[in-house]
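The values are calculated or read from the model by the stated rules, or taken from the named source; none is laboratory data. Everything quoted here is computed from the prediction, not taken from an experiment. Cβ placement follows ideal geometry from the backbone for every residue including glycine, while neighbour counts extend to all protein chains displayed. The protein model used for the area step is the full one, side chains on, heavy atoms only, and it has no ligands, DNA or RNA in it. Shrake-Rupley method; radii C 1.70, N 1.55, O 1.52, S 1.80 Å.
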Amino acid sequence: MAKGPVIVLTGTPGTGKSTHAELLANESPVPLKNINVSEWVKERGLYENYDEEWQSYTVDEDRLLDELEPLATAGGLILDWHTCEIFPERWADLVVVLRCDHSKLWERLEKRAYPLKKIQENNEAEIMQVVLEEARSSYAPQIVIELQSETMEQLESNVARIVEWIKLWLKNQESS
């Protein structure tokens, strides 16, 4: 049996990455290790400092990549993070960019009690398609997909679609 794919699940904070990743890990036809990269960075101390104003960590990218390399090489991985260009192109079998209407995104980030400046910056990033453009410039176009993530129906549909993609990927691995 082929190892599982490496799926990069990315999008502006608040687009539903972690929820998608959890459901996908549960519904995948092969075991997938789900790594919430932000949590991973915090738990393992893979940061240089904490920025009080932005309420976020400055990630030590070299250390992060060194830790993730053996897992990515082994396959069967979901990398859930708000950015994707840091991950080497050779790692990714599929890059999923989740999108959300900016007004809905604003509400989600307010519920998380993000500071106004952080809500504004993330909202602007979503409007300007920053993460999507980053994905498109970092990976082959045929592995980058953009999915709307605003409703439960879309969430379920997105996960089902990715599960179907995994099944096809596995079939292709077996025949090659």
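Restricted to strands (runs of 3 or more DSSP E) entirely inside the stretch 11-98, those with at least 1 residues that are aromatic (Phe, Trp, Tyr) and in contact with a helix residue (DSSP H, G or I) (Cβ under 8 Å, 6 or more places away or on another chain) are 47-51, 56-59, 77-81.
Any idea which of (1) under 24 Å from GLU27 (Cα atoms); (2) crowded, with 19+ Cβ neighbours inside 10 Å is the one LEU64 doesn't satisfy? Of the numbered conditions (1) under 24 Å from GLU27 (Cα atoms); (2) crowded, with 19+ Cβ neighbours inside 10 Å, the odd one out for LEU64 is (1).
Can you confirm whether GLU124 is out of contact with any Phe, Trp or Tyr (no Cβ under 8 Å at 6 or more places or on another chain), modelled with pLDDT of 95 or more and open to solvent by 60 Å² or more (accessible area, probe 1.4 Å)? Against the criterion (out of contact with any Phe, Trp or Tyr (no Cβ under 8 Å at 6 or more places or on another chain), modelled with pLDDT of 95 or more and open to solvent by 60 Å² or more (accessible area, probe 1.4 Å)), GLU124 qualifies. Those residues that are surrounded by 24 or more Cβ atoms within 10 Å (Cβ to Cβ) and either in contact with a Cys (Cβ under 6 Å, 6 or more places away or on another chain) or β-branched (Val, Ile, Thr) (or both), I need them from the stretch 7-33; list them, please. The answer is ILE7, VAL8, THR10, THR12, THR15.
Tallying residues that are under 11 Å from the mean Cα position of the chain (by Cα) and within 23 Å of ASN172 (Cβ to Cβ) within the stretch 22-52 yields 1. Only one entry of ILE119, ILE166, ILE162 meets the criterion of being out of contact with any Pro (no Cβ under 9 Å at 6 or more places or on another chain) and either part of a loop (DSSP other than H, G, I, E, B) or touching a residue at least 24 places away in the same chain (Cβ under 8 Å) (or both), and that entry is ILE162.
For every residue, the table says whether it meets (1) at pLDDT below 95; (2) at positive phi; (3) under 18 Å from the mean Cα position of the chain (by Cα); (4) open to solvent by less than 30 Å² (accessible area, probe 1.4 Å).
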residue	(1), (2), (3), (4)
THR73	no, no, yes, no
TRP81	no, no, yes, yes
ALA92	no, no, yes, yes
TYR114	yes, no, no, no
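Applying the criterion of being under 16 Å from the mean Cα position of the chain (by Cα) and open to solvent by 70 Å² or more (accessible area, probe 1.4 Å) to the residues of the stretch 138-160, the residue that is farthest from LEU105 (Cα to Cα) is GLU146.
Please work out if VAL131 is open to solvent by less than 90 Å² (accessible area, probe 1.4 Å), closer than 30 Å to GLY45 by Cβ, modelled with pLDDT of 95 or more and not charged (D, E, K, R). Answer is yes for this residue. On inspection, ASN26 fails the criterion of being touching a Ser or Thr at 6+ places or on another chain (Cβ under 9 Å) and either in contact (Cβ under 8 Å) with a residue 12 or more places away in the chain or more than 20 Å from GLU146 (Cβ to Cβ) (or both).
Evaluated against (1) open to solvent by 20 Å² or more (accessible area, probe 1.4 Å); (2) of a type in the set (A, V, I, L, M); (3) farther than 30 Å from GLN55 by Cα, VAL163 falls short on exactly one condition, (1). Does GLU53 fit the bill of being in contact (Cβ under 8 Å) with a residue 12 or more places away in the chain, closer than 18 Å to VAL96 by Cα and open to solvent by 50 Å² or more (accessible area, probe 1.4 Å)? No.
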